[in-house]
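Here's the structure, in C-alpha cells; my notes come after.
The values are calculated or read from the model by the stated rules, or taken from the named source; none is laboratory data. Just so it is clear, the model here is predicted, and its values are computed rather than measured. FYI the Cβ positions are ideal-geometry reconstructions off the backbone, even for glycines, and counts take in every protein chain you see.
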Amino acid sequence: MKSICVLPGDGIGPEVVGCATRVLERVTDQLELHTADIGRAAFHRSGEHLPTDTIAAMEASDSCLFGAVTSDEGAGYDSPVLRFRKELDLFANLRPVKNIAKVSTAAMDLLIVRENTEGLYTMNEHEDDAGVTTMRRVSRSACERIVEKAIDEARRTGRKSVCCVHKANVLRKSDGLFLQVFRDAARTRGQGLKFTDQLVDSAAAKMVTRPEAFDVVVTLNLYGDILSDLAAGIVGGLGFAPSGNMGDRRSVFEPAHGSAPDIAGKGIANPTATILAAAMMLDHLGFSVEASHVRESTEQVYRKGLRTVDVGGNLGSEKFTDRVLCNLKSML
C-alpha cells in the first residue's frame, strides 16, 4: 500500500484533482489517499500558503498529487510551489508533451527535463534606486544531477536522443558550465544515445517548425518553464501538459497549468493533464501496468473523436473522466 498526499489547491485544482483521484481509485486499490491544504485555503486556515503540517504530510507520503494554486501579488507572498520544490529537494521537473488530441498535425512526443531548484528561480533579487538586480545561480552539482536524470529517463523510456538547450554563447560561464557538464556526461555515460545541443532561441523556433526533431530536452529552470508551455500550446494547450517534480526521495506530480480562477466551478476544466500526471505518479511508484492503462484509456477518448471544451468539444471535466473510466473498465 502506498500513501498519497492529495493537494487540491485553488481554482480548478480541486476539480481536476478530483477527476484524477476517481481514475486512481478505479485502476488500483493499493493507494491510500489523504488530503492536505495548500494555497489560499491553507492561508485562510493557518495564515500560511504552505503550512508546516502540509509539508510534514508531504514528507511522510510515498508521493503527492497536486492541483494548482492562485498566486498572491501582495508583498511578502511566499510561493508554496517554489517552497515545496526547495524543501523537498525536488531537483528535476519532468514534462512529457505528446500530441494526443490531434488538434494540430505536429508530430510531437518529447520529454522536457528541467532543472527545478536554481537559475533565476532562486528569487534572490536586490533593489536599488536605479532598478532591480536578480542573482542567477547555476551550480556544477545541480547541472550534473539534472543531466544524469535526463540520461536515465531517456534510457528508462526507450528514447534515442538528448538535446541540451542553453544560451552559452552569451552566458558563457553559467550556461557554459551547464553545457560542459552535458558534454562530459555524453562522453562518459552516453553509450547508445545521440547527444546534441542547441541555443534556446533557435530551439524554440525549431520546436514550432520541426517538433519531431526533439526526443529528450534537458535544460535550465527558466528555459524549461517557457519551452514546456510552448510545446503544450502546439498540441492543444496546458490542459494536455502533465509534469512531475522529482528528487531522490520525494515526488510531487501535477498538471503544468495554473488555477484558472475564471473557469473555476464551471465544470469545463480539462482534466487530461492531471490524469496523465497521476499516470506518471503510478509509474514512479512501480505501478507500470496501471499507468499504461490510464494513459491508454485517456488517449482512447481522443482517438474516438471526442474533445474537451478547451479544444472545441463538449466534454466537461466529469464527462471526460466518465469516458476514461469506461475505457478503463473494459481493460480491467
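Identify all residues within the stretch 227-244 that are within 18 Å of F66 (Cβ to Cβ) and touching an Asp or Glu at 6+ places or on another chain (Cβ under 7 Å); write none if there are none. Give the derivation first.
Taking the stretch 227-244 and keeping what is within 18 Å of F66 (Cβ to Cβ), we get 228-229, 232, 238-244.
L238, G239, S243 - these are the residues of the stretch 227-244 that are within 18 Å of F66 (Cβ to Cβ) and touching an Asp or Glu at 6+ places or on another chain (Cβ under 7 Å).
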Across the stretch 1-40, the tally of residues that are part of a helix (DSSP H, G or I) and of a type in the set (D, E) stands at 2
Which numbered condition S161 fails, given (1) surrounded by fewer than 21 Cβ atoms within 10 Å (Cβ to Cβ); (2) under 22 Å from G247 (Cα atoms); (3) in contact with a Phe, Trp or Tyr (Cβ under 8 Å, 6 or more places away or on another chain); (4) small (G, A, S): (2)
Taking the condition more than 30 Å from D215 (Cα to Cα), in contact with a Cys (Cβ under 7 Å, 6 or more places away or on another chain), touching a residue at least 12 places away in the same chain (Cβ under 8 Å) and among the polar types (S, T, N, Q), does S61 pass? yes
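Residues are listed down the side, and each one gets a yes or a no for (1) assigned to a helix (DSSP H, G or I); (2) out of contact with any strand residue (DSSP E or B) (no Cβ under 7 Å at 6 or more places or on another chain); (3) modelled with pLDDT under 95:
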residue	(1), (2), (3)
R187	yes, yes, no
F195	no, no, no
Q198	no, no, no
M207	yes, yes, no
E212	yes, yes, no
G224	yes, no, no
S228	yes, no, no
G236	no, yes, no
G239	yes, no, no
Just checking: which of the strands (runs of 3 or more DSSP E) contained wholly in the stretch 50-145 hold 2 or more residues that are within 15 Å of the chain's Cα centre (by Cα)? 63-68, 92-98, 109-115
Take F287 and tell me if it is in contact (Cβ under 8 Å) with a residue 60 or more places away in the chain and in the same structural domain as L325 (by TED's automatic domain parsing). yes
